[in-house]
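Asker: Once you've had a glance at the structure underneath, I'll fire off some questions.
Read-outs throughout are calculated quantities, based only on the coordinates presented, and are distinct from any laboratory measurement. This one's a predicted model, so the numbers in the text were calculated from it and none came from an experiment. For neighbour counting, all protein chains shown are included, and Cβ atoms are generated from backbone atoms with ideal geometry for every residue, glycine included.
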Amino acid sequence: QVQLVESGGGLVQPGGSLRLSCAASGNIFSILAMGWYRQAPGKQRELVAVHASGGNTNYGDSVKGRFTISRDNGKNTVYLQMNSLKLEDTAVYYCTAEINTARGLVPYDYWGQGTQVTVTS
């Protein structure tokens, strides 16, 4: 069993900042990519940021320059620092991780339960 547990969501005013965390635990052999997606009401889930195991990062166009993804491999944790938040950043943010549970197996994408981020004045 593998679990991803997110934390750090909440209410913030426009222009404010939040930091999300996501810790992976359980039967983990190795973790490849870790990242964040979000889904606003009535919209499709979209990429926010992804951090590959080699260090490469990729961001959705709408968050470039404002959000920063980082990772602590020793803690199996990924972070999302969100600055200059806008009303349109309001969404449920989901953590995802590409995890091998044993050597030689095909990695599987695991998802967290989601954490609500609400930007409101």
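Asker: What FRET efficiency would be calculated for the residue pair Ser121, Gln39, taking the C-beta separation as r and a Förster radius of 25 Å, to the nearest 0.05?
Answerer: 0.70
Asker: Next up: Among DSSP beta bridges whose residues both lie in the chain, state the antiparallel percentage, nearest 5.
Answerer: Once the DSSP bridges in the chain are tallied, antiparallel ones form about 95 percent.
Asker: Pairs of alpha-carbon atoms within less than 8 angstrom and 6+ residues apart define the contacts here; what relative contact order does the chain have, in percent?
Answerer: RCO, the chain: 37 percent.
Asker: If Lys and Arg each add +1 and Asp and Glu each add -1, what is the summed charge of the other residues whose beta carbon sits under 11 Å from the beta carbon of Tyr37?
Answerer: The answer is 0.
Asker: Measuring from label point to label point, each 7 Å out along Cα→Cβ, what is the Leu11 to Asn83 span in nm?
Answerer: 2.6
Asker: Let me ask another. Identify which of Arg19, Arg66, Arg103 has the largest mean-square fluctuation in a Gaussian network model of the chain, with springs joining Cα atoms closer than 10 Å.
Answerer: Arg103
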